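The values are calculated or read from the model by the stated rules, or taken from the named source; none is laboratory data. Everything numeric in this text was worked out from a predicted model, so none of it was measured. So basically every Cβ, Gly included, is an ideal-geometry build from the backbone, and we count neighbours across all protein chains shown. SASA here: full protein model, heavy atoms, side chains in, ligands and nucleic acids out. Shrake-Rupley method; radii C 1.70, N 1.55, O 1.52, S 1.80 Å.
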Amino acid sequence: MLDLKFIRENLDAVKRGIANKQVKIDFDRIMTLDGERRSSLEAVETLKRDRNNLSQEVGRLKKAGEDAGDIMERVRNIGEEIKEIEEKLRVVQEELDDLLDRIPNLPHASTPVGKDASENVEVHRWGNPVTFDFEPLDHLAIGEKLGLFDFTRGSKVTGRGFPVYTGKGARLERSLYTFMLDTHSNEHGYREIIPPFLANRASMRGTGQLPKMEEDMYFIGADDLYLIPTAEVSVTNLHRDEILNEAELPVRYCAYSPCFRREAGSWGKDTRGFLRLHQFNKVELVKFVVPETSYAELESLRKDACRILELLNIPYRVIELVSGDLSFAAAKCYDIEVWSPVEQKWLEASSCSNFEDFQARRMNARFRRGGGKPEFLHTLNGSGLATPRLLVALLENNQQADGSVVIPEVLRPYTGFAEINPA
């Protein structure tokens, strides 16, 4: 959430930043409501002072045995007037809060200005795309040939986009997120968390999923709970309405969770196999830091996610998102994409974002330096990594001419096998 005072004092700059995100916000209405709110607050305070003074006069007159009826009537009238203004203020505040909730975060000054994903900037590339001396199979054909997953039965049980992992495919999937959790907790210094997989409205609003993304989430009406679209929601909200000590920072968490997304806006996108799912597994990295270190922490977060791909020997590239492709809450973001040699394209496996104090304001998550006043934290997160497209790249890049798939060495202690062979 953007601070209303900041918006008021930097209105032109805020308008430019939001326009660069390709979002339309009625700032004229916001400023009108802000003016009405402040006028109403001032009027209420004036009336309360008047009422207090008159009440004291009533007390004085009664003590002196004099008639205070007229003044008491004026006190009652002021009370009714205060109620009317406060009701108007409540309506104004509700509309203002709703409009403020819908304003996205401002892009950081270092974020390239651009309209959409077509203008994103490649900033790093690692590894060499594999070449084959045979006709390679895509991940769906590999999975079918090796019995690794079953989309048909998953669709029967739930619907399209809910895969079933079978046999060595299930073991491989479990090995991937276990390996990633171990690497991030043992080598990169994150504290492992197993979070709730459902979250309430306050949590969804805190990280910015509500109100913007409500149609993309699965909702359980009877309990007023949402299935989480990412562990970011649960983990980031662990410190909602808390004040941390500066000595505790930075706080770094890693968490595994299944993720649930309706993908309401995915019409026309490639939904074959693991390319777009409604349920998938992911390891999430979340940081709480002091403001002055947050951009250094973003770079280290990105490196931690990339390290997983280097250990797995999967070619990847890093994309810096332009302003028009940033998420609602992000001030700056890198996407990490893995190479699919059969699709002949890059597939997003991670987004690493700095939200600055945007989420912290929505969650009232703060820290204190010594005996100073509480300040808002900066929050960051990144996928470290999501497994679906990682699995696509792993299978396609490591397939062999005989139809087998070689398992990367770092995964073998987890899988218990070095390759997967056709039956």
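Descriptive notes on the structure:
- Rounded accessible area of Glu45 (nearest 10 Å², 1.4 Å probe): 100
- Computed from phi, the 3J(HN,Hα) profile of the range 188-202 under the Karplus parametrisation 6.51, -1.76, 1.60 (θ = phi - 60°) reads 9, x, 8, 8, 6, 10, 10, x, x, 9, 10, 9, 8, 4, 4 Hz, with x in place of Gly and Pro.
- The chain: antiparallel DSSP beta bridges as a percent of all, rounded to 5: 90
- Between the range 137-191 and the range 5-59, the alpha-carbon centres lie 52 Å apart.
- Selected from Ser404, Ser323, Ser353 as most flexible by GNM, with the chain as the system and alpha-carbon contacts under 10 Å: Ser404
- For the listed peptides 395-401, 356-362, a ranking on the average number of other beta carbons within 10 Å per residue, highest first, reads 356-362, 395-401.
- Applying 1/(1 + (r/R0)^6) with r as the Cβ-Cβ distance of Glu81 and Glu214 and R0 = 22 angstrom yields a FRET efficiency of 0.05.
- Most fluctuating residue given options Gln22, Gln93, Gln279, as computed from a GNM of the chain linking Cα atoms under 10 Å: Gln93
- Fraction of accessible area attributable to carbon and sulfur, the chain (%, probe 1.4 Å): 47
- A 1.4 Å probe run over the protein chains yields, for the range 110-223, 58 Å² of accessible area per residue, whole-number rounding.
- Highest GNM mean-square fluctuation among Lys83, Lys303, Lys21, for the chain modelled with Cα contacts below 10 Å: Lys83.
- Sorting the segments 181-189, 287-295 by their residues' average number of neighbouring beta-carbon atoms within 10 angstrom, most packed first, yields 287-295, 181-189.
- Residues whose amide H lies under 5 Å from that of Ala386, counting only those 5 or more places away or on a different chain, are Val283; hydrogens are built 1.01 Å from N in the peptide plane.
- Estimated vicinal HN-Hα couplings, Hz - the range 238-251 in sequence order (Karplus 6.51, -1.76, 1.60; Gly, Pro = x): 4, 10, 5, 6, 10, 10, 8, 7, 4, 5, 7, 8, x, 9
- Summarised in one figure, the compactness ratio Rg/Rh of the range 147-290, Cα atoms and Kirkwood Rh, is 1.01.
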